[in-house]
Amino acid sequence: MNKSNLATPVTVTLLVIMFIVICNPIAIVGVGERGVKVTLGQVSPKSYTEGVHLITPFISRIKNMDVKTQKSYIETDLYTKDIQQAKISYVINYNLQPQNAHKMYREVGTNYVDNILMPVVEGTIKDVIGKWNAQDLVANRETATIDILKKLQSQLEPRYINVTGFQITDINYSGGFERAIESKVTAEQEALKAKNRTVQIQEEAKQKIISAEAEAKSMAIRANALSQNKALVEYEAVQKWDGKLPQYMMGNSIPFINMTPSSRRK
């Protein structure tokens, strides 16, 4: 075979390889990304999905945008409704909407976190926390968290960002304020303890009164019954008798109750 004939396919292959390397007409969109095609400065009207895409060399290029869920741990300083300075620690989950990656690139660019996300997050947190007094915020942290999440979702969804989670992880106040809260809680607990003791004493006194009234009524009933029935008087005396007859100076024991009708006749 003629060497010149072999050289032709090799040359063509080399030229193709050189063309691909130099011109790079192939773009790859990775996993968890969306591609934004820019042609002569114009952004494409759609986002390109994961995979290999052909572009026109020197005219078009594809910019990849990360659409995976991101998690950020952040601290921010702010003030409560009662002007107490607090440091709020929170975590936020978010992602760029895949179907709108090209719109975000066209309107904001790639740095949407600093330009859109964080300003909205910081403003929303300060707005919600600013409606709570410091002590109430501690007890209602979950309520404030839910309020912040809903507001973030409603504000950022139209701006091509999904907020999938938000959680306040810690609230720190100044040392003096925390000691004041502890003192207040201690005072409230002591006051509650004293109140409970007062209620207990009042209840015990009430029970004594009820018991005394019941005893008085019982005695009145018994006294009335004794006055109406002489035999009952003798019965009560017998119930209390210890079996010994009374002794007198004359040395005789005389019964204190007539035991039989015949004895009364004699």
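Do you know which residues across the range 82-122 are closer than 18 Å to Asp170 by Cα and either touching a Cys at 6+ places or on another chain (Cβ under 6 Å) or not polar (S, T, N, Q) (or both)?
Ala86, Lys87, Ile88, Tyr90, Val91, Ile92, Val121, Glu122
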List every residue pair whose Cβ atoms sit under 9 Å apart, with the two residues 6 or more apart in sequence or on different chains, where the first one lies in the range 146-169 and is in contact (Cβ under 8 Å) with a residue 60 or more places away in the chain and the second, anywhere, is basic (Lys, Arg).
Tyr160/Lys103; Gly165/Lys71; Ile168/Arg141
On the given criteria, is Val31 surrounded by fewer than 14 Cβ atoms within 10 Å (Cβ to Cβ) and under 26 Å from Ile92 (Cβ atoms)?
yes
Scan the helices (runs of 4 or more DSSP H) fully inside the range 65-174 and keep the ones with 3 or more residues being surrounded by 19 or more Cβ atoms within 10 Å (Cβ to Cβ) and not assigned by TED's automatic domain parsing to the domain that holds Val29.
101-107, 118-129, 141-156
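The values are calculated or read from the model by the stated rules, or taken from the named source; none is laboratory data. All of these numbers come straight from a predicted model, not from anything done at the bench. Here the Cβ is made from the backbone with ideal geometry for all residues, glycine too, and neighbour counts use every protein chain on show.
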